[in-house]
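Heads up, the thing below is written out as structure tokens.
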Amino acid sequence: MESHENALEVRHLRKAFGVIKAVDGIDLELKQGEFLTIFGPNGAGKTTLIKILSGLTKPTSGTAKVAGFDVSEGNPEMRKEIGVISHSTCLYADLTPLENLMFLAKMHGLEEPQDRSLKAIDEVGLSQRRNDRVRTFSRGMLQRLSIARAILHDPKILFLDEPFTGLDLHASNVLKEHLKKLHDRHRTILMTTHDISCGLEMCNKVALQVKGKFAFLESIEDVDRDQFEIMYFDAVRNNQFVMGIGTRG
């Protein structure tokens, strides 16, 4: 990926499930090293957007390029450039952290899989638990191991889908510090979250997604935090009224 290229380029992106427009005409550009946090109520289409950008589902229309690759083409080279972290850890509970990561390293065809795995485990502060079964881990530890899994192949772009879900304050703060370190290394990050404090603190761009559209997209220095919080919670309340659902997810 050339240094002058955008990490992400999205044009008129849409994804429909029958009459439901999960993603409805989103336009977005992210330069290398930028960190975008997307807020939005449940059902706004945030997870669907990440699934499209990570190549897990195809858009109905529009285009999206990630690391210069068209996401609709299913190019395996694109997967080398991205890492995905979500509230679903995709870890094998009966394996150890080292076994989980070594299995993935071999799947990626990485050289020195054990050394790469041990380094990633150390980076997220789990070296002392590297030989324990993952099923014994707390939610916070699982998310930290998910980071190690996502960065094992040293991707340029990270997609984080609600990474703070189910974490207590201490675990959230630990996870936040690890994510800051990843961004300091000039990775491009796109994160969805309901956590206003963590989400605004880490990003340099912020968006509000409502009913599949970006109702707001600005650089963080142009954002009035109090006004943004009012706008976000209004969107959540209106979504509850319209859809009759809670704010989970």
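Here, each number is a calculation from the coordinates, and none is a lab measurement. The model shown is predicted, which means the values in this text are computed figures rather than measured ones. Because the Cβ atoms are built from the backbone with ideal geometry, glycine has one as well, and the counts that use them run over all protein chains shown.
Note on region 34-152: the C-alpha convex hull projects to 8.7 nm² when averaged across all orientations. Neighbour counting of Cβ atoms within 10 Å sorts the residues I20, I52, fewest neighbours leading, into I20, I52. Of the residues M78, S54, L98, the one whose Cα sits farthest toward the positive end of the charge dipole of region 1-105, with +1 on the Cβ of Lys and Arg and -1 on the Cβ of Asp and Glu, is S54. The calculated Kirkwood hydrodynamic radius for the chain is 18.6 Å, given to one decimal from all distinct C-alpha pairs. Of all segments of the chain bounded by GluC sites (Glu not before Pro) found in a DSSP loop with no more than 13 other C-beta atoms within 10 Å, the longest spans 112-249.
Using Cβ point charges alone (K and R +1, D and E -1), the dipole size of region 111-249 about the Cα centre works out to roughly 580 debye. Applying the criteria of a DSSP loop state and at most 16 other Cβ atoms within 10 Å to the trypsin sites (Lys or Arg not before Pro) of region 139-221 yields R185.
Give me H178, H108 ranked fewest to most by other Cβ atoms within 10 Å of their Cβ, as a rough exposure proxy.
Values: H178 17, H108 14.
Ordered by Cβ neighbours within 10 Å, fewest first: H108, H178.
Helices in the chain that qualify as membrane-span-like (whole DSSP H runs, Cα extent of at least 24 Å along the helix axis, mean Kyte-Doolittle hydropathy of -1.0 or higher) are 225-243. Selection among A171, G18, I157 by position relative to the dipole of the chain gives G18 as farthest towards the positive end (Cβ unit charges, Cα centre).
Assuming charge only on the beta carbon of Lys and Arg (+1) and of Asp and Glu (-1), the dipole of the chain about its Cα centre is about 800 debye to the nearest 20.
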